[in-house]
Structures are given as structure tokens and as C-alpha cells.
Amino acid sequence: LARRPPAQPHFLRSRRHFDAMGCAPVKGLDDPLEVRVDAESAQDATPGTALMPLEQLGVDVPAIPGDVGLCGQLKAETVKALSGRFKSWINLNSEEDSGFHPEELKRAGMEHVVVRPFPAPAPTEAQVAAACEALDTVPRPVMLQCTSGNRVGALLLYWLMKKRGYSMESAQQLANDVDLKFWTRCTKCGPMREWLLSQVPAAAIPAVPKATAGLVFTQLFDEASSTFTYVLGCSETREAVLIDPVLEQMRRDLVVLQELGLKLRYVINTHAHADHITSGGRIRMESTDVRTVISRASGAKADMLVEHGDKVAFGRLALEAIATPGHTDGCMTWHLPGEPGMVFTGDALLIRGCGRTDFQQGDAGRLYDSVHGKLFTLPPETVVCPAHDYRGRNTSTIAEEKQFNPRLKKSREEFVKLMGELNLPYPKLIDEAVPANMQCGVQDEWSNGGRTM
């Protein structure tokens with residue numbers, strides 16, 4: 001099956017939202033990973049045996065999530081050697097599978113050895129649910145086993161997609177980056193890949209962290225500028241914030257807020273954008289109790305001029321400002337704590353990329369320091385919600401970007417050199433958007449002068 005070319009983000013044309021109070025969070029993916037598999041030098045359970053990389057034993061351990069092993073049929077002695085490296089074992093075949101050897105696992109003291117049939121090319125809904133439930137609940141690290149090691153990859157990717165609310169393009173990106181062989185190397189796995197494609201909903205919903213179960217969350221998309229706008233609301237008080245809204249989408253955003261029963265309190269701009277005009281000023285003119293927010297370092301006008309460490313509360317939730325200059329002087333990332341949290345990165349950190357640094361006070365070294373010093377130090381499972389994507393992807397995680405971001409995994413010197421050689425054309429709207437956004441999207445005189453916190 002040929003890989004699909006990057007698709008137009010058709011699934012992003014409509015809003016994606018849900019009220020987390022009505023959705024029970026599922027344990028598993030976003031729990032802190034206390035135990036991870038060392039794929040290079042894990043010690044065999046049998047005393048005196050030599051260290052042997054898991055790969056030589058027929059086991060893959062994808063870097064994401066890092067505590068799930070994938071394997072096909074194994075010999076009994078190999079299973080015995082592996083039993084000390086994993087706390088749980090899930091077999092996707094039957095009890096009669098000749099490569100399973102549950103007796104070796106139980107003799108080694110493994111308490112969580114389960115069978116969850118997951119047949120190719122199209123498991124039933126009940127089979128999928130049972131396999132995912134096992135993956136959610138068994139102790140980590142866990143081994144997933146099938147006949148060839150391909151169905152286990154399909155199950156893992158499906159599980160990651162569901163837990164993180166990934167679009168198909170985000171899932172494809174991850175499958176390629178961690179080299180899931182059913183996706184990247186198997187010549188007979190077309191039906192399994194087709195099954196996976198069929199499971200992606202038309203409107204993927206990024207996951208809401210468990211610790212913020214009182215969050216109402218919506219991700220919206222403007223096709224003209226490839227800009228994400230985010231609605232965050234408190235499910236108890238119904239107070240809400242709007243992050244990075246686009247002027248042409250103002251009516252859409254206000255309708256979404258109304259339909260969700262939310263009362264808008266703040267409009268936050270992560271920085272003075274050069275590719276679109278914010279609707280913040282216009283919304284404020286219509287709703288005088290709404291306050292606009294931007295970084296003081298941006299030099300732009302707003303009701304609240306914030307600095308690193310400031311907080312914006314909406315109901316029982318609060319966003320914390322993290323100064324991440326480099327794309328512009330005034331770039332501000334907003335962190336919503338949780339287990340994991342969410343981080344709204346503007347243009348500082350994109351999915352497998354970052355904002356340019358060749359205009360608006362751009363400084364590549366400063367951007368590198370911001371991302372590595374303030375964002376890559378966040379918990380690895382933190383959900384990354386960027387201001388833009390141009391390939392249909394919707395969200396990522398800090399762990400993924402640290403591992404796979406082709407620009408930011410370079411050395412600082414290499415990154416600065418790369419950013420200085422991009423030679424990109426300027427955004428088409430820069431001459432209109434920047435002056436307007438310095439006035440909060442309103443070109444005429446700013447009536448209030450900008451009230452600070």
C-alpha cells in the first residue's frame with residue numbers, strides 16, 4: 001500500500017470539541033511512565049546470561065510510548081529470557097499459539113499474562129475494545145505479541161491515536177518516526193493499514209488531560225492561514241478563553257462559544273502574528289467585558305500585558321504564561337497543568353518544526369534556548385497544541401518533538417545555521433497583519449490604552 005501524500009486538512013474544516021465532564025478519561029497513555037524498557041542493554045532474567053539487545057531477541061520497542069515491546073512468535077527459551085524485562089504480556093492470538101509460551105511467563109512470576117484475540121485484517125469492535133482495555137490497565141512495561149509482529153504495531157498505533165485524539169496525518173507522522181514496521185516495511189500489511197485508516201473519525205479530537213477533566217476543549221482551523229484557534233472553557237462556571245483567533249473566523253468562533261454554553265472572558269494572542277489578523281479587538285468592541293491578552297514584550301496593545309509566570313484564570317482552571325521568545329520578542333506559550341498538561345505554543349514550537357526567525361525581531365539562538373530550556377523541560381507526555389500546521393496534523397507531545405523534530409533535535413549551532421539559510425518568502429499579509437495586530441487587530445486608535453494586570 002503506497003503511503004498517502006499529505007492530505008488537505010479537510011477534517012479540520014469543522015470544529016472539534018467535547019466537554020470532558022461527559023467523557024470518562026481512560027488510564028494508560030498519559031500516566032507518568034515510571035518504568036521504561038531499555039532496548040539496548042536490559043538485563044536477562046536468567047542469572048549469568050550475557051546482556052543482549054532486545055532487537056536481537058526479535059523485539060521492537062518504539063520510542064513512543066517507550067514502555068511497550070512488540071514481537072512475533074518466539075521460542076520458549078527467548079520468552080524465558082524476556083520474562084524479567086516486562087511486567088505484563090498481551091498475546092493477540094489464541095491460547096493455542098505455539099509461539100506464546102504462557103507457562104514460561106507464569107513460572108517466572110509474571111502475574112499479568114492475557115490473551116486478547118485481534119485478528120487481521122479487521123478485528124471486531126468488541127475485540128478492539130478488549131485489546132485496548134488490556135493495554136490501558138496492565139502494568140508497564142508490557143509486551144504485545146502476535147504471529148509476525150505486525151498486528152501489534154497496528155494495535156499500538158490505534159491505541160495512541162485514540163488516547164491522543166490524533167488525526168490520521170498525525171498518526172502517520174508518528175508511525176514513520178518510530179518506524180512501526182506494519183506501516184513502513186511490511187509488504188503484506190495493506191489490509192491492516194486499510195483497517196486502521198477506516199477507524200479514524202472525520203473530526204479527530206485532541207485528548208483532554210485527565211487532571212483537567214473539568215475542561216471544555218475545542219480546536220478550530222482557518223484554512224487560509226493554516227491557523228489553529230483554541231476554545232478552552234471551565235465546565236463548572238462556563239467561563240472561557242479563546243487563543244489565537246482569526247478575524248475572518250470571528251462569527252464562527254462566537255457561534256461555537258454560544259453553542260457550548262460558554263461565556264468568553266479572555267482573548268489571548270500568543271504573539272503578534274504576521275499571517276493573519278486577530279479578531280481580539282473586534283470581539284472586545286462588541287463585548288466590553290472581554291479582555292484581550294498579549295505579552296508585554298510584544299509591544300502590542302491589549303487590556304492585559306503579561307510577563308513570564310503570569311496566570312489567566314477562567315473558572316476553576318488557569319493558564320500560566322511561559323515566555324518563549326525567538327520567533328518574535330513577544331512570543332508567549334501558555335501552559336495548562338495536568339497529568340499530562342497541555343501547552344499552547346504559538347509559533348515557537350510546531351509539529352516537527354518551529355516558527356521562522358528572519359523577521360519581527362527573530363533570533364534563532366534565542367528560539368532554540370526557549371524551546372530547549374522552557375518547553376522540552378516539561379513532562380514528556382505534555383500535549384503540544386501549536387498555532388499552525390500545514391500537513392493535516394493536529395497535535396503532538398513534548399516527547400515526540402524532543403525525539404523527532406528535525407530542526408530542534410540539532411545542536412544549537414546547527415539550528416542557527418539552518419534557520420539562517422531557509423530563505424523563505426515573507427507572509428503575504430505581513431504588511432497588513434503586523435500593524436493591525438500591534439493594535440489588537442483594530443487599525444484605528446486603541447480606545448483603552450492597554451490595561452495591565
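Shown here is the pair-distance distribution of the range 350-398: with all Cα-Cα distances grouped in 10 Å bins from zero up to the longest one, the shares run 23, 51, 25, 1 percent. Counting only residues at least eight positions apart within a chain, or on another chain, the aspartates and glutamates with an alpha carbon under 14 Å from that of Lys402 are Asp177, Asp369, Glu381. In this rough spin-label picture, where each label sits 7 Å from Cα along the Cβ direction, the Arg107-Glu77 distance is 1.3 nm. Only Lys, Arg, Asp and Glu carry charge here, each on its Cβ (+1 for the first two, -1 for the last two); on that basis the range 54-140 has a dipole of about 260 debye about its Cα centre.
Considering only Pro123, Met110, Thr147, the residue lying farthest towards the positive end of the dipole of the range 84-159 is Met110, judged by Cα position with unit charges set on Cβ.
Charge dipole of the range 314-453 (Cα centre as origin; +1 on each Lys and Arg Cβ, -1 on each Asp and Glu Cβ, all else neutral): 400 debye, rounded to the nearest 20. Extension gain for Glu55 to Thr377 (0.36 nm times residue separation, less C-alpha to C-alpha distance): 113.0 nm.
The amide H of His388, built 1.01 Å from its N in the peptide plane, has Phe228 as neighbours under 5 Å, considering only residues 5 or more places off or on other chains. Ordering 364-371, 270-277, 281-288 by mean Cβ neighbour count within 10 Å, with the highest value first, yields 270-277, 364-371, 281-288.
Relative to the current alpha-carbon distance between Ala129 and Arg316, full extension at 0.36 nm per residue lengthens the span by 64.0 nm. Once the Kirkwood radius over Cα pairs is known for the range 317-377, the Stokes-Einstein relation at 20 °C and 1.002 mPa s delivers a diffusion coefficient of 185 µm²/s. Residues in the range 99-107 carry Karplus couplings, in order, of x, 8, 6, x, 5, 5, 5, 5, 5 Hz; the curve used is 6.51 cos²θ - 1.76 cosθ + 1.60 with θ = phi - 60°, and Gly or Pro positions show x.
Between the alpha-carbon centres of the range 98-146 and the range 148-211 there is a gap of 18 Å.
Computed over all pairs of different Cα atoms, the Kirkwood value for the hydrodynamic radius of the range 248-397 is 16.0 Å. The length gained on full extension between Lys417 and Arg238, counted as 0.36 nm times the residue separation minus their Cα-Cα distance, comes to 59.8 nm.
Read-outs: derived from the displayed coordinates by stated rules, not from any lab. Being a predicted model, the structure only gives us computed values, none of them experimental. Note: ideal-geometry Cβ built from the backbone for every residue, glycine included; neighbour counts use all protein chains shown.
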